[in-house]
1. Within the bounds of region 4-25, is there any residue that is modelled with pLDDT of 85 or more, touching a Leu at 6+ places or on another chain (Cβ under 6 Å) and aliphatic (A, V, I, L, M)?
2. Just to be sure, is residue 45 part of a loop (DSSP other than H, G, I, E, B), at pLDDT below 80, closer than 16 Å to residue 8 by Cα and out of contact with any Ser or Thr (no Cβ under 7 Å at 6 or more places or on another chain)?
3. Could you check region 1-31 and list, in sequence order, the residues that are over 19 Å from residue 54 (Cα atoms) and surrounded by 14 or more Cβ atoms within 10 Å (Cβ to Cβ)?
4. List the residue pairs whose Cβ atoms are under 8 Å apart, where the first residue sits in region 51-80 and is without any contact (Cβ under 8 Å) to a residue 24 or more places away in the chain and surrounded by fewer than 14 Cβ atoms within 10 Å (Cβ to Cβ), the second is of a type in the set (A, V, I, L, M, F, W, C) and in a helix (DSSP H, G or I), and the two are 6 or more positions apart or on different chains.
5. Among the residues of region 15-35, which ones are under 14 Å from the mean Cα position of the chain (by Cα) and either in a strand (DSSP E or B) or farther than 12 Å from residue 69 by Cα (or both)?
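The values are calculated or read from the model by the stated rules, or taken from the named source; none is laboratory data. Just so it is clear, the structure is predicted and the values come from calculations on it, not from any experiment. Backbone-built Cβ (ideal geometry, glycine too); neighbour counts: all protein chains shown.
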Amino acid sequence: MRIEVACSPATGQVLSRQLLLEPGATVREAIARSDLPMSPEVDDANPPKVGVWGQLRPLDHVLRDGDRVEIYRALLIDPKDARRVRHRSQKSPKR
């Protein structure tokens, strides 16, 4: 079956690999086979956040033909905090 594994090591940069895997392959196997620079060592103590088509999935999730596995990087700042910072910087001074 055909699987795509994608990651974004930096803002605006997306890397992906197309793989041919046996039926019954898991997210863990797809990540291990992808050899992407961002592919983390997959261990149960510190598993990476991963998803299939934008939905979080566990590493033992069984893939289907045509699935896209996404490896998520850690957020540098909480999205709510980032919005507050942007909002404060855009305020015009009161007169």
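1. Yes - at least one qualifying residue is present in region 4-25.
2. On the way: part of a loop (DSSP other than H, G, I, E, B): yes; at pLDDT below 80: yes; closer than 16 Å to residue 8 by Cα: no; out of contact with any Ser or Thr (no Cβ under 7 Å at 6 or more places or on another chain): yes.
Considered against the rule, which asks whether it is part of a loop (DSSP other than H, G, I, E, B), at pLDDT below 80, closer than 16 Å to residue 8 by Cα and out of contact with any Ser or Thr (no Cβ under 7 Å at 6 or more places or on another chain), residue 45 comes out as no.
3. 1, 21
4. Between residues of region 51-80 that are without any contact (Cβ under 8 Å) to a residue 24 or more places away in the chain and surrounded by fewer than 14 Cβ atoms within 10 Å (Cβ to Cβ) and residues that are of a type in the set (A, V, I, L, M, F, W, C) and in a helix (DSSP H, G or I), the close pairs are 77/85.
5. Across region 15-35, the qualifying residues are 15, 16, 17.
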